[in-house]
Amino acid sequence: MNDAGTAAPVAEGNSAAAIAKPEPSQPSSAPAKIRVTNLSFFYDEVQALFNNTIEIPDRHITALIGPSGCGKSTFLRALNRMNDEIPGTRVQGEVLLDGVDIYGPTCDKVILRRRVGMVFQRPNPFPKSIYENVAYGPRVHGEGRKSRLDEIVEHSLRRAALWDEVKDGLHKSAFDISGGQQQRLCIARVLAVEPEVLLMDEPCSALDPASTFRIEELMRELQKDIAIVIVTHNMQQAARVSDTTGFFLKGELLEVGPTLRIFSKPDDKRTEDYIQGRFG
Ligand code: ADP
């Protein structure tokens, strides 16, 4: 797979549409979990996002594609206010989660990040055991009962398709498992607090093809219950896993639509050029 920060060109004559997952029967009928309207973002005086509007449907996978530096990660981090931790940043516009403005005065960021969890490019387990990595979030949110934590750890590791591989070594260090397993552990850690949305920022770019395949399978399974937004530089991955694709260029969401259409008949020539690997 391509993980070097460049777009993987889709071979001519082997259109990504051919490998795209089938369209959901009624994509537009899925309710919006997140509704973003005219979102702009600034790092000090530098504007990184320009008036972006998109609906993130529930129980769908939305892929964000576009060349490096065009604002995909900034946009993703705006969906659970992770950018707030960067000094000098400023946001304009509206992000509604189930109709409630996450930038409104009543928003509790701890609760927001539990509801909208995030997985990063490189697996980043805590320097703790596998068990403690998964139990960490529920403990922070007040769960202290050992029997309940045991249940949550098992359930989360099962959902992350990791249980069978680690059940006999739950108290081993999280650093003693492979990179692909660490990434699934990080997903289990997020799942342990029952998120409603999962943000994934190039979750496979540090993984080998077999681990990538497992994460993609896992995404399809999780999609039955939650909304997923994935940033990926890998066009084949976007085509394989997502229902909806948004194309970013220079901080602007140029085009959003059903993945099958975006990969076969995009409205904007720049989308087509990017997907075909002509730039990026
Ligand atoms: P992408 O995810 O598409 O590669 P990013 O969201 O990382 O793009 O970056 C968008 C723009 O914002 C780039 O010009 C980048 O240099 C800038 N940027 C990203 N993070 C920071 C930061 N912490 N401070 C200042 N500028 C940043």
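Every number in this text was worked out from the coordinates using simple rules, so none of it is lab data. None of these values were measured; they are calculated from a predicted model. Because the Cβ atoms are built from the backbone with ideal geometry, glycine has one as well, and the counts that use them run over all protein chains shown.
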Bridge type composition, the range 30-275 - antiparallel percent by DSSP, nearest 5:
60 percent
Between Ala210, Ala174, Ala160, where does the largest GNM mean-square fluctuation fall for the chain, given springs only between Cα atoms within less than 10 Å?
Ala210
Between the range 193-254 and the range 31-78, the alpha-carbon center distance in angstrom:
14 Å
Whichever lysines have a C-alpha closer than 18 Å to that of Lys167, once near sequence neighbours (fewer than 8 apart) are set aside:
Lys128, Lys146
If amide H atoms are modeled at 1.01 Å from N in the peptide plane, then the residues at a separation of 5 or more from Lys33, or on another chain, having amide H under 5 Å from its own are Ile56, Asp58
Could you work out the helix-only [θ] at 222 nm for the chain, with each DSSP H run of four or more residues adding -39,500 (n - 2.57) and the total divided by the number of residues, to the nearest 500 deg cm²/dmol?
-9500 deg cm²/dmol
Could you name the lysines whose alpha carbon sits less than 18 Å from that of Lys109, not counting residues in the same chain fewer than 8 places away?
Lys33
Calc'd 3J(HN,Hα), the range 264-274, phi into Karplus 6.51 cos²θ - 1.76 cosθ + 1.60 (θ = phi - 60°), Hz, glycine/Pro = x, comes to 10, 8, x, 6, 9, 4, 5, 4, 4, 4, 5
What would the Debye formula give as log10 I(q)/I(0) at q = 0.09, 0.14, 0.15 Å⁻¹ for the alpha-carbon point model of the chain, no solvent?
-0.41, -1.01, -1.15
Search the structure for amide H atoms under 5 Å from the amide H of Ala63, placed 1.01 Å from N in the peptide plane, and list their residues when 5 or more places away or on another chain.
Ile230, Asp243, Thr244, Thr245, Gly246
If the cut-off is 19 Å between C-alpha atoms, which aspartates and glutamates fall inside it for Lys250, apart from same-chain ones fewer than 8 positions away?
Asp44, Glu45, Asp201, Glu202, Asp267, Asp268, Glu272, Asp273
Can you give the charge dipole size of the chain about its Cα centre, rounded to the nearest 20 debye, using +1 on the beta carbon of Lys and Arg and -1 on the beta carbon of Asp and Glu?
360 debye
Which of Arg59, Arg139, Arg184 fluctuates most in a GNM of the chain (C-alpha springs under 10 Å)? That residue is Arg139
